[in-house]
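FYI, it's all coordinate maths here, none of it is from the lab. Here the structure is a predicted model, which is why all the values come from computation and not from measurement. Neighbour counts run over all protein chains shown; Cβ positions are idealised from the backbone, glycine included.
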Amino acid sequence: MSEVREERPTTHRGVRDTIESPVNSLQAQRGWMPARILDGTKIAAEIRAEVTAQAKALALSGVRPGLAVVLVGHNPASEVYVRGKVKSSEEVGLYSEQHTPAESATTEELLALVEGLNRRDEIDGILVQLPLPAHVDSKKILLAVDPAKDVDGFHPMNVGYLSTQRPGLVPCTPAGVMEILRRSQIPIAGQEAVVVGRSDIVGKPVAMLLLNQNATVTVCHSKTRDLPEVCRRADILVAAIGRAGMVTSDYVKPGATVIDVGINRITDQKEFDRFFRGDKKREETFLAKGSTLVGDVHPEVAEVAGAITPVPGGVGPLTIAMLMANTVKAAMLRRGTAVAELSRR
Ligand code: NDP
């Protein structure tokens, strides 16, 4: 034990834990091994390769899955996301098209556009990039998307399918979280899962997917009492909060799997030092670019967790990969192919 104490490195927060803590005993057992890194970039590449093969197989029967992306106005972040989605569609062999109505487009004009896409048989997936301009009734637009083409999985019909375990389209980021767990052989059934965040886009669907896979699920939010204590119950902890580095080591049971959905851009040197002091490689990028990304999980958690997704390179790459997978899934579901195999994803 004393040898371990001497070798104990300073944590990212500059704090030395006492040797009696569960963290230390686990790290002692591990010989100071850091958490296993769950490589989202690699998993996303596997999924894209599978989607490419599925698209080729569908092409043999004369079907080319098609994705239509609707981007209203000029939101620079949305433009970057949409470019990535269109490029990725081309790479995996899907047909894709972009619709770019002006910022001034009315709810009625956008409804007409969506209804036109609903009617076209060669379009299997419709994605309306959010946020829409403030004057547009976003809920009305999302409700107008044919649930069979709703590759974002946001339509109430797909939300219902998910909660009743029927075949349907599942939101991309939550589906990506499940792929990371599945492909990393992280057991889910019977495990305690804690999801921090209850948004319709991430938190709730992740919780439902984990429940459908027989985890015992707790969902936390801004009104949860004793959040660190609740999180420490988790064998699988999913953070989807939108607050840079909020989940620190004291939220994490030693050995737990930590999935960090958060993407937060930091530009402040003090904040950088709080998360990444001593990380030379990251500092070079930060100085060159003036910013870096941090998740909702503090990097120090890698010293306690058994497995963890990095930011960037964790959940992020899965989102577009799952959009591609959802477009192929929509093409198959619409044509009644392989429904049983795809339905539980
Ligand atoms: P939302 O803002 O919609 O939801 C955040 C959730 O976190 C809410 O449920 C909120 O609780 C909860 N929350 C906020 N502060 C606290 C707190 N102090 N303690 C406990 N809970 C808190 O965010 P999203 O779900 O859309 O996104 C979450 C994160 O995931 C963001 O960082 C976002 O950038 C990222 N993201 C990443 C994607 C990817 O591709 N990797 C895709 C989508 C999102 P309450 O409901 O009570 O307000």
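Here's the list of aspartates and glutamates a cross-link from K87 could span, going by alpha-carbon distance under 16 Å and ignoring same-chain residues fewer than 8 apart: E79, E97.
Quick one: helix 316-334 against the long Cα principal axis of the chain, what's the angle to the nearest 10°, folded into 0 to 90? The angle comes out near 40 degrees. Put simply, the amide H of C220, placed in the peptide plane, has neighbours under 5 Å in V195, V196, G197, leaving out anything fewer than 5 places away on its chain.
Would you please state the base-10 log of I(q)/I(0) at q = 0.11, 0.14 1/Å for the range 95-215, with intensities from the Debye formula using one equal scatterer on every alpha carbon? Results for the range 95-215 at q = 0.11, 0.14 Å⁻¹ read -0.44, -0.67.
Residues considered: V206, V92, V80. Largest GNM mean-square fluctuation over the chain, using C-alpha springs under 10 Å, is found at V80.
The alpha-carbon of K270 sits under 20 angstrom from the alpha-carbons of these aspartates and glutamates, leaving out residues fewer than 8 places away in its chain: D279, E283, E284, D296, E300.
Given the C-alpha centroids of the range 133-177 and the range 207-241, what is the distance between them in whole angstrom? Comparing the Cα centres of the range 133-177 and the range 207-241, I get a distance of 22 Å.
Pairs spanning more than 32 Å between alpha-carbon atoms, out of K56/K149; K42/K149; K281/K329; K204/K280; K139/K223; K85/K223: K281/K329; K204/K280; K85/K223. With contacts taken as Cα pairs under 8 Å at a separation of at least 6 residues, the chain carries a relative contact order of 22 percent. When you restrict to C-alpha pairs under 8 Å that are six or more residues apart and normalise by the size of the range 61-151, the relative contact order lands at 37 percent. Taking the Cα atoms of the range 187-297, the ratio Rg/Rh between the radius of gyration and the Kirkwood radius comes to 1.04. Modelled spin-label separation between R36 and D279, with each label point placed 7 Å from Cα along the Cα-to-Cβ direction: 2.2 nm. Per-residue Karplus couplings for the range 109-122, computed as 6.51 cos²θ - 1.76 cosθ + 1.60 with θ equal to phi - 60°, are listed in order as 5, 6, 4, 5, 4, 4, 5, x, 5, 4, 7, 7, 5, 6 Hz, Gly and Pro entered as x.
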